[in-house]
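A.B. asks: My questions will all concern the structure given below.
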Amino acid sequence: MPVPRLWRSRSNRVLFGVIGGLAEKLGWEARPLRILWGILGVLTLPIGALPVIVPYLTLWGITRARGVAAPQRPFRRSRSDQVVAGVLGGMADWLGIKPALVRIGYGALTIATFGLPGVVTYLVLWAKTPAADAAAAPPRVGRPRR
């Protein structure tokens with residue numbers, strides 16, 4: 001079977017693998033492409049981020065998944081990196097990025113949406129997400145605390 005022109009990545013994915021597939025096709029790193037896609041989404045929030053959402057969903061709809069599936073990591077609240085309940089620390093571990101970036105981004109989006117959706121989402125994640133095992137905690141991303 002010939003290699004498709006575009007595909008969704010099974011191994012390099014955060015949501016549906018669209019950005020990972022584009023990065024694989026172009027021979028780029030996926031993280032900078034995700035950051036650029038996110039910045040474009042934030043910059044186009046006044047028009048509902050449609051210039052980002054519509055192409056993403058279109059690419060998801062017209063492409064097929066390709067590659068070996070990566071092992072799934074469960075989303076858990078962090079016991080080692082928490083400010084309130086460990087939700088954002090666990091999200092940073094799950095995404096593989098620094099916790100400060102998640103906290104700044106989540107805070108900015110919460111402020112941009114006038115607070116209520118962000119606070120409610122945090123409380124729901126706190127209530128519904130199990131805490132990580134203390135013994136099986138993954139290594140921290142970023143600098144250690146002093």
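A.B. asks: For Arg77, only one of the following conditions fails: (1) in contact with a strand residue (DSSP E or B) (Cβ under 7 Å, 6 or more places away or on another chain); (2) surrounded by fewer than 13 Cβ atoms within 10 Å (Cβ to Cβ); (3) charged (D, E, K, R). What is its number?
C.D. replies: (2)
A.B. asks: Given the structure, is Arg66 modelled with pLDDT of 75 or more, open to solvent by 70 Å² or more (accessible area, probe 1.4 Å) and touching a Pro at 6+ places or on another chain (Cβ under 9 Å)?
C.D. replies: Yes.
A.B. asks: When you go through Leu101, Leu123, Leu59 one by one, which is the residue that is outside any loop (DSSP other than H, G, I, E, B), more than 26 Å from Ile39 (Cβ to Cβ) and at pLDDT 80 or above?
C.D. replies: Just one listed residue meets the conditions, Leu123.
A.B. asks: When both residues are 6+ apart or on different chains and their Cβ atoms are under 8 Å apart, which pairs have a first residue that lies in region 4-19 and is closer than 13 Å to Arg64 by Cβ, and a second that is assigned to a strand (DSSP E or B) and not small (Gly, Ala, Ser)?
C.D. replies: Between residues of region 4-19 that are closer than 13 Å to Arg64 by Cβ and residues that are assigned to a strand (DSSP E or B) and not small (Gly, Ala, Ser), the close pairs are Pro4/Arg66; Trp7/Arg66; Arg8/Arg66; Ser9/Arg66; Arg10/Arg66; Phe16/Arg8; Gly17/Arg8; Val18/Arg8.
A.B. asks: All but one of (1) at positive phi; (2) aliphatic (A, V, I, L, M); (3) touching a residue at least 12 places away in the same chain (Cβ under 8 Å) hold for Leu45; state the number of the condition that does not hold.
C.D. replies: Result: Leu45 passes all but (1).
A.B. asks: Does region 91-98 include one or more residues that are among the charged types (D, E, K, R), closer than 24 Å to Thr129 by Cβ and either in contact with a strand residue (DSSP E or B) (Cβ under 8 Å, 6 or more places away or on another chain) or assigned to a loop (DSSP other than H, G, I, E, B) (or both)?
C.D. replies: Among the residues of region 91-98, at least one is among the charged types (D, E, K, R), closer than 24 Å to Thr129 by Cβ and either in contact with a strand residue (DSSP E or B) (Cβ under 8 Å, 6 or more places away or on another chain) or assigned to a loop (DSSP other than H, G, I, E, B) (or both), which makes the answer yes.
The values are calculated or read from the model by the stated rules, or taken from the named source; none is laboratory data. Note that the structure is a prediction, hence the values are computed from the model and not measured. Note: ideal-geometry Cβ built from the backbone for every residue, glycine included; neighbour counts use all protein chains shown. All accessible areas refer to the heavy atoms of the entire protein, side chains included, with ligands and DNA or RNA removed. Shrake-Rupley method; radii C 1.70, N 1.55, O 1.52, S 1.80 Å.
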